[in-house]
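Just below is one structure, and these are the notes that go with it.
The values are calculated or read from the model by the stated rules, or taken from the named source; none is laboratory data. Just so you know, these numbers come straight off a predicted model, no measurement behind them. In this analysis, Cβ positions are derived from the backbone assuming ideal geometry, glycine residues included, and neighbour counts consider all displayed protein chains. Note: accessible area is taken over every heavy atom of the protein model, side chains too, but ligands, DNA and RNA are not part of it. Shrake-Rupley method; radii C 1.70, N 1.55, O 1.52, S 1.80 Å.
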Amino acid sequence: MSALRILIVDDEPPARQRLTDLIGREPDAVVIGEVATGTAAVARIQEEQPDVVFLDVQMPGLTGLDVVREIGAEAMPAVVFVTAYDRHAVEAFELAALDYLLKPYS
């Protein structure tokens, strides 16, 4: 069985690093990249076709929800939305989120 290929999308470097550290503990998962903007996320998702995307909801420019709309929910890999705010949870699950994590992570 091959490892889950994961892309991390968050505009905050400490949040990206925390997720990378946590995912690094999992033997069946590998972080294939990190990006800081929604625009870069769209390009990397289309280019790399990761298995899972940890996607920040609130970012400058394209939000995480915009990224899903841009690619199309049916074409997206599994998405775990990450944010400091729970007010976007309903909309995230309507866009077929696999899960929704609140910062800070533990």
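Some points to look at:
- The residue list Leu19, Leu55 contains one member that is open to solvent by less than 30 Å² (accessible area, probe 1.4 Å) and in contact with a Gly (Cβ under 7 Å, 6 or more places away or on another chain), which is Leu55.
- Residues being under 16 Å from Arg44 (Cα atoms) and open to solvent by 50 Å² or more (accessible area, probe 1.4 Å) - total across the stretch 67-81: 3
- Subset of the stretch 34-89 (residues that are under 16 Å from Ile23 (Cβ atoms), modelled with pLDDT under 90 and touching a Lys or Arg at 6+ places or on another chain (Cβ under 7 Å)): Val82
- Odd one out for Gln49 among (1) touching a residue at least 24 places away in the same chain (Cβ under 8 Å); (2) open to solvent by 10 Å² or more (accessible area, probe 1.4 Å); (3) on the phi < 0 side of the Ramachandran plot: (3)
Each row is one residue, and each column tells you yes or no for (1) part of a helix (DSSP H, G or I); (2) under 15 Å from Ile6 (Cα atoms); (3) not hydrophobic (A, V, I, L, M, F, W, C).
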| residue | (1), (2), (3) |
| --- | --- |
| Thr39 | yes, no, yes |
| Val42 | yes, yes, no |
| Glu47 | yes, yes, yes |
| Val53 | no, yes, no |
| Gln58 | no, no, yes |
| Leu62 | no, no, no |
| Asp66 | yes, no, yes |
| Arg69 | yes, no, yes |
